[in-house]
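Trainee: Provided herewith is a single structure, encoded as structure tokens, for subsequent inquiry.
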Amino acid sequence: MTIRSARGADAGAVAVLLDQLGYPQDDPAATADRIRSWADDPAGAAYVAEAHGELLGVVAVRVCPYFERGGAWARITALVVSDRARRRGVGARLLAAAESFAIRQGCRRMEVTSADHRSDAHAFYRRRGYTDQAGSSSRFLRDLDTGADRYRAAVVTRPPGARPSAGP
């Protein structure tokens with residue numbers, strides 16, 4: 001098995017994997033564009049596990065600098081192993097590739113979220129030293145209506161060199 005950077009040509013196989021994770025891909029060209037976008041961005045990486053010309057899994061990781069202190073952390077945004085290749089070390093190798101990327105980028109911490117119903121995935125992460133942070137923080141999500149005029153009106157702009165106001 002080989003772990004390598006994902007390529008646009010992997011889009012079809014990556015789409016099948018993402019579908020197994022519960023994220024169906026409608027447009028292979030859009031999937032290929034996202035793979036290329038991650039490859040072009042030094043803050044992100046996507047790796048695939050390949051054996052005998054077949055993709056067995058994919059992981060995507062993104063680096064984010066801390067705002068409140070020095071350094072950075074990394075977040076796994078996707079990790080899926082083909083249902084035909086699970087429990088064969090593929091996920092562990094992909095996770096190691098993501099962690100290695102994060103370390104090279106100076107990250108101090110890795111984060112991954114996993115849906116509550118994915119108990120096998122939770123056990124996988126725990127076996128690799130990840131701890132459940134329940135009770136330490138909550139995750140809140142909101143889908144944005146990107147066409148809403150009210151969001152455009154809320155954007156604050158200042159001339160170059162202007163100081164932020166003290167408040168309302």
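The values are calculated or read from the model by the stated rules, or taken from the named source; none is laboratory data. Owing to the predicted nature of the structure, the values given are computational and were not obtained by experimental measurement. Note that we place each Cβ from the backbone using ideal geometry, even for glycine, and neighbour counts take in every protein chain shown. Heavy atoms of the whole protein, side chains included, go into the accessibility calculation; ligands, DNA and RNA do not. Shrake-Rupley method; radii C 1.70, N 1.55, O 1.52, S 1.80 Å.
Trainee: Just one of Arg104, Arg126, Arg93, Arg108 is at pLDDT 75 or above and either under 18 Å from Ala78 (Cβ atoms) or acidic (Asp, Glu) (or both); which is it?
Mentor: After ruling out the rest, the residue left standing is Arg93.
Trainee: Looking at the range 2-43, which of its residues are in contact (Cβ under 8 Å) with a residue 24 or more places away in the chain, surrounded by 15 or more Cβ atoms within 10 Å (Cβ to Cβ) and not in a helix (DSSP H, G or I)?
Mentor: Passing the criteria: Ile3, Ala6.
Trainee: Here are Val48, Val63: which of them is open to solvent by less than 10 Å² (accessible area, probe 1.4 Å) and either in contact with a Phe, Trp or Tyr (Cβ under 8 Å, 6 or more places away or on another chain) or in contact (Cβ under 8 Å) with a residue 40 or more places away in the chain (or both)?
Mentor: Val48
Trainee: If a residue must be among the polar types (S, T, N, Q) and touching a strand residue (DSSP E or B) at 6+ places or on another chain (Cβ under 6 Å), how many such residues does the range 21-60 contain?
Mentor: 0
Trainee: Take the residues in the range 83-103 that are among the hydrophobic types (A, V, I, L, M, F, W, C) and open to solvent by 40 Å² or more (accessible area, probe 1.4 Å); name whichever of them is farthest from Gly22 (Cα to Cα).
Mentor: Filtering the range 83-103 for residues that are among the hydrophobic types (A, V, I, L, M, F, W, C) and open to solvent by 40 Å² or more (accessible area, probe 1.4 Å), the one farthest from Gly22 (Cα to Cα) comes out as Ile103.
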